[in-house]
Amino acid sequence: MVKGIEIRTSPHLKRALNVQQIMRSVVYAMLPICAFAIWQFGLSAALLLATTTGAAVATEAWFSRLRGAGNTVADWSAVITGILLGLTLPPGFPLWMAAVAAFVGIGLGKALFGGLGYNVMNPALIGRAFVQAAFPVAITTWTPAFAPSRFVELIPTTLTAPFMRPESVTDWIAGLGVDSWTGATPLAMQKFQHIETPAWDTFAGLVSGSAGETSALLILVCGLWLAWRGCLDWRIPASVLAGAALTALPFWLVDPGLYPSPWFVLCSGGLMLAAWFMASDMVASPVTPWGAIIYGVFIGALTVIIRLFGGLVEGVMYAILLGNAAGPLISAWTQPRVYGAVKKARAKS
Amino acid sequence: MAELPKHQEDLSLDTFVRGLWKENPVFVMLLGMCPTLAVSNSAINAISMGLATTFVLAGSGALISGLRNWIPKQVRIASYIVIIATFVTIVDYAIQAISLDLYAALGAFIQLIVVNCIILGRAEAYASQQRLVPTLVNSLGIGAGFTIALFALGSVREILGSGTLFGLHLFGAGFQPWVVMVLPPGGFFVLGAWLLLFNWIKQRGERRADAPTGVPANAR
Amino acid sequence: MTNDVQVEAPQAPPDATPTFAMLRTLGGISLISGLLVVLAYQFTLPIIAENQRVRTEQAVFRVVPGAVTKRDFVLTDAGLVPAGEGVQGELIYAAYDAADQLKGVAITGVGNGYAGPVTVLFNYDPACQCIVGSKILQMTETPGFGDKMETDPEFLENLKALDAKLNADGTALINPIVTVKHGTKTHPWQIDAISGATLSSNAMGKAANTAAQRATPAIQRDLAKLTAANHTGQD
């Protein structure tokens, strides 16, 4: 399994990392983001992350036992999927739905394709896409960040009984005493009311949204650390972000009142998290350098197009899934032509 | 199953039963996917579609079998299609007469039975060579297999997607419907899940037959 | 399918089939087919017509509360003509209560939604010149979003007193019925869209507008025919 994956490392790293080391580094990089999510949304976010991670690991263990191929939990990839999935869900998402998402993500998104290394798309996003389609209301129910009682009580929807509809959070939010809560994330406010949240708030993460997507700054720092460690291809997040910013720029220049600024596009919603931690999924992204760039720009541009012109508020999930689907094709297009060692070396330079 | 039906097949239980399992049109032959995926969003739609298809199968099979000695090879496909279309039209009127709501729910898929490959396949492969009674029995078996398969999909999709079965609420008012299940992707998910289950059972059976003593512990 | 392999029957070579045999077979089969189809059509025709009548009646009685009888009129350029007099065209349904008082007029409208046409039956009250109720006859909108049009009480509130006043000439609405963005309804002729299902809500607005624009001028002009109808025989 270790030999089956080709890993291109940054030049400054001399030794090749193995799958387990890379996966563990990714987990470490996500821990600060998890901590911020818990600090921001309280106990519900903690339970949500624990549930998705637990369910993902349990599903992985079950499928690897069914397959009889030894225990694949030890490669940490299921943990990553679980944490990532938790970070992309609204903090008050019912735990049973979160468990369904983790099961579908690992089961349908990964195990049925043959396990780690064979999945076509990012398992965490498969899980999220499934619950987005299955429970469209619950996944767009947002709760305020920094609720005063977040460490003593749960968001009421968190503990919804399995298969039951989550109750409305309107009354609960009204009782919180949070001022000027509109029930909308910065993205939705921009899309429907054309009100742009102040740049610093979205950059630092002082806004509402999915559990782990709010702080662009923190995600950036953690992502850069991973890139420095050589655990992800820096080209992918860089080109995703560049693609998104460049696509948003002309619209913003034409009508700044209607369209969001490139800066807002980068810092709002799940784009930052997705660019660093999901688009860069080693299995589901193209392996050639130019392929990685095409793939990243494609995802970034598509995200902005869905956000601006689609029916959905956030488009990065579908953009990445489509990018994943196009990944093998992009890889095939951008294969360096190998005629001999000399030309190969030139193609790489 | 090895001998070719050069001679007329004798009527046996297998004539009927193999349509249910060994030659199940949906789960084994993977035929007729269009109605299978499209109208299996509720149990009642699924069963209605299954019964309508069964009627067309039986009616066209019987007529083709009865006329098999008079249909020249060159015009057989044209003849089969005309006969199948006849029964589809009859079913179309019959469903309108039974329930307009059902007719609206099934939509264009009633007329599309005419291009369901199960039916032309049966006509070509069985009815055109076999006597009337075995053809009728075999068509009913295949139709029953199709109906069961559609019901298997439709019931799962309706239970998860609406919390009901045949319109009866199963879980009370608080149930959270899995919207995706009544949408087209749900059809693919549930069909995939059933195929997985059936193939798993089949493989397990084969493995048992191969190695009756030492089943690996991890095969579970 | 192993046993269903196509086997060549021991018959003459293909080119030996006489033309007449092919013609005879196809002709014969077409004859049988025609016979069966016509029989089925003749047999089911009255049942289907009755089904359609019952369905329309139920829909009208549901959209016009308190109605127990109805009369159908055809919408023509020359005004309303009672149905069944050989005039073809769009139908409207005048509904009466037990005391034979006109309770409302059911009119149909179609608007294009997210996933296809949305057909709606509206209850038009000629006295207040407004739409006071609705029932969706057919739609294919996304469950969970578009079908909120049937269940969302906030949205249904829009259709309980929707202004459809005619202009002075009596030819068109003063204010066309429009769907507006969620939370921005300011006038009684506007429909407040469901947030997240804007396209479906737009379809409802278009359906209401087309229905009202087409039917209300004729209804107002021929109101006497509708109210006078309560003394003629009804089913």
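Quick notes
- Shape category assigned to segment C:160-216 from the gyration tensor of Cα positions, a/c cut at 1.5: prolate
- Those aspartates and glutamates that a straight Cα-Cα span of less than 15 Å connects to residue A:191, excepting residues fewer than 8 apart in one chain: A:255, A:314
- With a cut-off of 19 Å on the backbone N, the residues of segment A:254-287 near the modelled label site 7 Å out from residue A:39 along Cα-Cβ are A:273.
- Computed over chain A, Kirkwood Rh from alpha-carbon pairs, angstrom: 20.5
- Calculated mean residue ellipticity, 222 nm, chain A: -17000 deg cm²/dmol, from DSSP H runs (n ≥ 4) at -39500 (n - 2.57) each, averaged per residue and rounded to 500.
- q = 0.10, 0.16 Å⁻¹: log10 I(q)/I(0) that the Debye formula gives for chain B, counting C-alpha atoms only: -0.52, -1.08
- Rolling a 1.4 angstrom probe over the protein heavy atoms with all chains in place gives chain A an accessible area of 43 Å² per residue.
- You can think of it this way: the chain between residue A:194 and residue A:335 has 46.4 nm of extra reach, that is 0.36 nm per residue less the Cα-Cα gap.
- The solvent-accessible area of residue C:41, taken with every protein chain present and a 1.4 Å probe, is close to 90 Å².
- Under 5 Å, built H, 5+ apart or other chain: amide partners of residue C:191: C:178, C:179, C:180
- Label point 7 Å beyond Cα of residue C:227 along Cβ direction - residues of segment C:43-64 with amide nitrogen under 17 Å: none
- Pairwise label distance in nanometres, residue A:112 with residue A:170, each label 7 Å out on the Cα-Cβ vector: 3.7
- List of segment B:147-184 residues, accessible area with partners at least 30 Å² below that of the chain alone (1.4 Å probe): B:174, B:175, B:176, B:178, B:179, B:180, B:183
- Residue A:254-residue A:137 FRET efficiency (beta carbon distance; Förster radius 35 Å; 0.05 resolution): 0.55
- Mean sequence separation of contacting Cα pairs (under 8 Å, at least six apart), scaled by the length of segment B:1-95, corresponds to a relative contact order of 18 percent.
- Long-range lysine pairs (8 or more apart or interchain), segment C:50-230, Cα under 24 Å: 28
- Nitroxide proxy distance, nm - points 7 Å out along Cα→Cβ at residue A:153 and residue C:174: 4.9
- Unit Cα scatterers, Debye sum, segment A:96-235: log10 I(q)/I(0) for q = 0.09, 0.10, 0.12, 0.21 Å⁻¹: -0.38, -0.47, -0.67, -1.33
- Once the Cα atoms are used to define both axes, helix C:198-221 deviates from the longest principal axis of chain C by about 70 degrees.
- Using θ = phi - 60° in the Karplus curve 6.51 cos²θ - 1.76 cosθ + 1.60, the 3J(HN,Hα) couplings for segment A:87-98 round to 5, 8, 9, x, x, x, 4, x, 5, 5, 5, 4 Hz; x is entered for Gly and Pro.
- The protein assembly as shown, Rg to Rh (Cα coordinates; Rh as Kirkwood inverse mean 1/r): 1.03
- Each pair of Cα atoms in segment C:50-230 enters the Kirkwood radius, and Stokes-Einstein at 4 °C and 1.567 mPa s then converts it into a translational diffusion coefficient of 79 µm²/s.
- Label-point gap, in nm, between residue B:193 and residue C:88 - each point 7 angstrom along Cα→Cβ: 4.9
- Applying 1/(1 + (r/R0)^6) with R0 = 51 Å to the Cβ-Cβ distance of residue C:128 and residue C:43 gives a FRET efficiency near 0.65.
- Summed over both chains, the area buried between C and B is near 3100 Å², taken from the accessible surface of protein heavy atoms with a 1.4 Å probe.
- Each Cα pair under 8 Å and six or more residues apart adds its separation to the average, and for segment C:50-230 the resulting relative contact order is 21 percent.
- Taking the protein heavy atoms of segment A:19-348 in the context of the full set of protein chains, the accessible area attributed to carbon and sulfur is 70 percent at 1.4 Å.
- Separation of alpha-carbon centers, segment C:126-189 and segment C:30-81, rounded to whole Å: 27
- Shielded residues, segment A:131-173 - accessible-area loss of 20 Å² or more between chain alone and all protein chains, probe 1.4 Å: A:133, A:134, A:135, A:136, A:137, A:163, A:164, A:165
- Across segment A:144-159, rounded Karplus estimates of 3J(HN,Hα) from the backbone phi angles (6.51 cos²θ - 1.76 cosθ + 1.60, θ = phi - 60°) give x, 7, 6, 4, x, 9, 5, 9, 10, 9, 8, 4, x, 6, 4, 9 Hz, Gly and Pro being marked x.
The values are calculated or read from the model by the stated rules, or taken from the named source; none is laboratory data. Since this is a predicted model, take the numbers as computed values, not measurements. All Cβ positions, glycine included, derive from the backbone under ideal geometry; neighbour counts span all protein chains shown. The area values use the complete protein model at the heavy-atom level, side chains included, leaving out ligands, DNA and RNA. Shrake-Rupley method; radii C 1.70, N 1.55, O 1.52, S 1.80 Å.
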